[in-house]
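First comes the structure, then the notes that go with it.
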Amino acid sequence: MKIDRMAMRMLCMVVALLGFLGLMGSVKMAYAKPWQILLDTDVNTDDLFALFYLLKQNRSEFNLKAITISANSWTDAGHAVNQIYDILYMMNRDDIPVGVGGDGGILDDGTILPNVGGYLPIIEQGMSTAGDCRYRQAIPVGAGGRRDTDTNYGLRRSFLPQGDRRYIPLHQPTAQQVMIDTISAGPTTVFLIGSHTNFALFLMTNPHLKKYIQHIYIMGGGVRSKDRCPNNSSTSCIPQQCADCGNLVDAYASNPYAEFNIFEDPFAAYQVFHSGIPITLVPLDATNTIPINEQFFMAFEQQQDTYEAQYCFQSLKSIHDTHSDNQFYMNFYMWDSFTAGVAVSIMRNADNFNGENEFAEMEYLNLTVVTSNKPYGIYDGSNPFFDGRAIPKFSLQKDGVHSGHVQTGLQDPFCFVPGSNKGKCKDGYTKEVTVSEGVRVLVAKKAKPNQDVQSPLNREFFKCFLDVLNLPQQSGRFNISRQFPYYRETLYMPDFTNRSLGKPVVFDMDMSAGDFLALTYLLKVPVEIIDLKGILVSGNGWANAATVDVIYDVLHMMGRDDILVGLGNINALGTPSLGCKYVNAIPLGSGGLLDSDTLYGLARTLPRSPRRYTADKSVKFGAPRNTDHPELRQPLAMEVWQSITRALNPNDKIMVLTNGPLTNLANIILSDKNASSVIQNVYVVGGHILDECDEKGSVFTVPSNKYAEFNMFLDPVAAKKVIESDLPITFIPLSAQRKVSSFESILKHLKLAGKTPEALFAYHLLSLMQELQQQHQAYHHMDIFLGEILGAVFLVDGPNLNLTMQKKPVSVLAGDTSKDGQTVINKKYGKFISLLNNFDREAYYRHLANLLGDRRQSAVIGSFDEQKKKWSIPPNET
């Protein structure tokens, strides 16, 4: 009996090794070619487990052919694609194409143009990548949500190596392009472990290629699952009491039926399920029976023989250590990795049409995906497919299953049941129906127990997952610390002991391209003139919060690892934490967050800082327990502000320069009673003074709001609070910014400047932005970022620019989308503020270029390439 148990324990490893010994063909190879797999993923942490599991399979049997990224779910496109590139580089699989995004749209008549990027659910997709977060708002933006998945809790930068592949604007393969190229090449098996938007768009536009799709494996949905309680349930909740099929933990009161992957785009999932292609579904019914338990966690901790095993365990440990409610083992499951295991096992036994496999019990069910709520045929403004249309979009059937009320958000009043905390909306529910209403789907019921009853691992897949990840074959080559023979992390901390420091400055930025150029300029100013004390980061502007890592890299390049960086709010003042009001005006794709998050592809050319965002927590700052490295915790904006003000000399006052929404400053005013006594002046880069002039504002994605400027629009309530405060304020309005929005002029002066690393970087970034503006409509607005540098130059060298200033009584409008953020002259109630009216533009360009090209206070390490060379030779030879 002991021998039998040992044999079973080795079964999974032996099967995986057979291919390498050349025996797989004699064991079972019903197909002439290996299975060709296309993986569509939202790059959440559990997706990474599935990805590694597939990459570890014998390629003569299972070949991961391509990866596409689901861009409307748990990660943001720019961060996700670069993490995938790094993983593939580590695993020596740079041959795998990766597709993300695309700038195509859907016409009002339902015509789907090429390369729709999947940034929005199909119901919201128009001709722009800016749009509402009807479904995506179920995913937190900050801790435990997109900020942590974008960075993989900080591990992505600390562990993964960096290769040559990176996102490059207009050269990045799109999701649709990769799907078409992969599937048209021959029979393909598709794995969907994110939302279904990409694949549904492919099916809707390429029906002639359906014949090449052998099978679809899906992780998602909940059919009969009854043993999971939402995170916010009372601790007395036990299995069978929470008899609902979904896992939208923050939406239980409106929709207890949907699972995340299906809910992110129910209409897309419906198209996939009803495509006629064979489907195997691994729903919550099955994954709820394979939660991570303490025994598996401990076994994993002891089995980390490969880099991929280390990365997966450290990722899991980060989630474990940062889990807010101390119920990790009740809330984290083997979702996508279990799906990959079940799929591979079924494919290995392809002759068995009942889906026999090692890891899950299976059954056939008739299913559909609910896309709207009964009664059907109502037109209440919630359903863009039907509302206001004589002919429904995509020629959908009137009074059909798509024609009911479509959930508009987590707080949709239609979905609430008076007197109950359980909602009635079913959007995204994978519902069991009659044969005529649904499709026949092979469904995993539950995870099989470990056949070795003596093992501490209670599920068969636990054992196989650890064995596969730790196989020496097809293993990762190195992590970042082993990529280079003399890798070392060095902090550059300048010594200003014998220097007289200038005025204290705090820079508040939302990480647009213009903001990074302004930051670089400020770092070039002699410290005797200004002393840049800290940076506050708005997470509700032109970049996602995880882009804070690029700030750390710029500071590292310039030798200023001493400067504090604090993350601010991720939502506008007074808006729900789960929502996207105002920030939904920023495009998600090209020319928007995709490019800001990657600094137009150039962020990865910067040297890598030892400092980075981490999800580490500290009891000192209110966490219930310390993680392993509480000292690495990412500071918050308010903490950085308090640290700076506490360290001020008695007679010092701070100059604040804001280059984004005024959320952080408004919070400082609300929280710090002494703010007005320590702030000398506030310089606001933003606002568009609406007076007798009819010049339009900059919010080009909201046609109804003609006169707002973006920084004011992104948080009008905060802007109103700041303007109405007693702080002395100077505006650098849009009219002034537009005077220095010429690519030709700034590039001409930079070309003549000194060739410092920072000047060259600025030149490359601006040249690229100009080229993109000339090549593609998605970049038509690039010049709005040029004016953002003006505030920094004004603060430092204003007296030499031959300034013309005005004082006007100004108010900010808030409360009406068509007027939010507009700054108007209000002679009766407005506050008098200083406005920059005119200046010497030539002097501005000349001063900016000359300072960036000055050899003094220049970069201490100019690029990642320079860093690589440094890490390739012994320290005493550098």
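Listed by chain and number, the aspartates and glutamates placed with their C-alpha closer than 18 angstrom to that of K463 are D4, D46, E294, E301, D305, E308, D336, E358, E361, D452; residues fewer than eight positions away on the same chain are left out.
Extension gain K828-D562, at 0.36 nm per residue separation less the Cα-Cα distance, in nm?
Details: separation 266, 0.36 × 266 = 95.76 nm, distance 4.59 nm.
That pair, K828 and D562, stretches by 91.2 nm at full extension.
Taking square-rooted eigenvalues a ≥ b ≥ c of the alpha carbon gyration tensor, is the stretch 242-283 rounded, prolate or oblate, where a/c under 1.5 means rounded and, failing that, a/b exceeding b/c means prolate? Here the stretch 242-283 falls in the prolate category.
Checked against a 26 Å cut-off, the cross-linked pairs K581/K808; K673/K831; K720/K827; K524/K720; K503/K828 give Cα-Cα distances beyond that limit for K581/K808; K524/K720; K503/K828. In terms of its C-alpha gyration tensor, the stretch 793-840 has a prolate overall shape, because the principal axis ratio a/c (a ≥ b ≥ c, square roots of the eigenvalues) is not below 1.5 and a/b outweighs b/c. The Rg/Rh ratio for the chain is 0.97, where Rg is the radius of gyration of the alpha carbons and Rh is the Kirkwood radius.
Given an 8 Å cut-off on Cα distances and at least 6 residues of separation, report the relative contact order of the stretch 758-872 as a percent. Can you show the working numbers first?
Working: 95 pairs, mean separation 28.1, N = 115.
Across the stretch 758-872, relative contact order equals 24 percent.
Of all lysines in the structure, the ones whose alpha carbon falls short of 22 Å from that of K393, not counting any fewer than 8 places away in one chain, are K374, K426.
Taking R224, R612 and ordering them by how much accessible surface each has at a 1.4 Å probe, largest first, produces R224, R612. The modelled label-to-label distance for the pair N354/K422, using points 7 Å beyond Cα in the direction of Cβ, is 3.4 nm.
Axis of helix 841-852 versus longest Cα principal axis of the chain: the two differ by about 60°, to the nearest ten degrees. For the stretch 598-699, calculate the relative contact order in percent as a whole number, restricting contacts to Cα pairs under 8 Å that are 6 or more residues apart. The normalised contact order for the stretch 598-699 reaches 19 percent.
What percent does the relative contact order of the chain come to when contacts are Cα pairs within less than 8 Å and at least six residues apart?
Once normalised by length, the contact order is 12 percent.
With a ≥ b ≥ c taken as the square roots of the eigenvalues of the C-alpha gyration tensor of the stretch 38-187, please select rounded if a/c is under 1.5 and otherwise prolate if a/b is larger than b/c or oblate if it is not? Display every interim value, and only then the final one.
Working: a/c = 1.91, a/b = 1.23, b/c = 1.55.
Verdict is oblate for the stretch 38-187.
Place a label point 7 angstrom from the Cα of L670 along the Cα-to-Cβ direction, then list the residues of the stretch 535-549 whose backbone nitrogen is under 15 Å away. Label zone hits: 539-540.
Shown here is the pair-distance distribution of the stretch 451-519: with all Cα-Cα distances grouped in 10 Å bins from zero up to the longest one, the shares run 13, 16, 19, 18, 16, 13, 5, 1 percent. Each pair of Cα atoms in the stretch 572-657 enters the Kirkwood radius, and Stokes-Einstein at 10 °C and 1.306 mPa s then converts it into a translational diffusion coefficient of 94 µm²/s. Once the C-beta distance of A647 and D380 is scaled by a Förster radius of 56 Å, the resulting FRET efficiency is 0.50 to the nearest 0.05.
With every protein chain present, what is the per residue accessible area of the stretch 723-878 (1.4 Å probe, Å²)?
On the way: 7240 Å² over 156 residues.
Per residue, the stretch 723-878 has 46 Å² of solvent-accessible surface.
Using a Förster distance of 30 angstrom, determine the FRET efficiency expected from the C-beta separation of R389 and Q777, and round it to 0.05. Write out the running numbers ahead of the final one.
Working: r = 26 Å, r/R0 = 0.88.
Taking R0 as 30 Å, the efficiency between R389 and Q777 is 0.70.
Close amide-amide hydrogen proximity is noted between D561 and Y492, each under 5 Å apart and 5 or more residues distant or on a separate chain (H modeled in the peptide plane; Pro and chain starts excluded).
At 1.4 Å probe radius, can you tell me the per residue accessible area of the stretch 56-109 in Å²?
Values: 1140 Å² over 54 residues.
With all protein chains present, the stretch 56-109 gives 21 Å² per residue.
Sorted largest first, the spans of the alpha carbon positions of the stretch 275-389 along the three principal axes are 60, 45, 24 Å.
A straight Cα-to-Cα reach below 17 Å connects K868 with the aspartates and glutamates D86, D164, E489, D553, E877, residues fewer than 8 places away in its own chain not being considered. Compared with the alpha-carbon gap, the fully stretched path from L501 to V453 is longer by 10.3 nm at 0.36 nm per residue. One chain, two ends: F478 and S872. Fully extended at 0.36 nm per residue, the span grows by 140.4 nm beyond their Cα-Cα distance.
Based on Cα coordinates alone, diagonalise the gyration tensor for the stretch 495-567, multiply each eigenvalue by 5, take square roots, and list the semi-axes in whole Å, largest first. Don't skip to the answer; put the middle values down first.
Details: eigenvalues 101, 26, 22 Å².
Value: 23, 11, 11 Å, ordered largest first.
Computed over protein heavy atoms with a 1.4 Å probe, the carbon and sulfur contribution to the accessible area of the chain reaches 51%.
The values are calculated or read from the model by the stated rules, or taken from the named source; none is laboratory data. Predicted, not measured: the structure shown is a model, and the values here were computed from it. Every residue, glycine as well, gets a Cβ built from its backbone with ideal geometry; the counts of neighbours run over all protein chains shown. Calculation scope for accessible area: heavy atoms of the full protein, side chains included, ligands and nucleic acids excluded. Shrake-Rupley method; radii C 1.70, N 1.55, O 1.52, S 1.80 Å.
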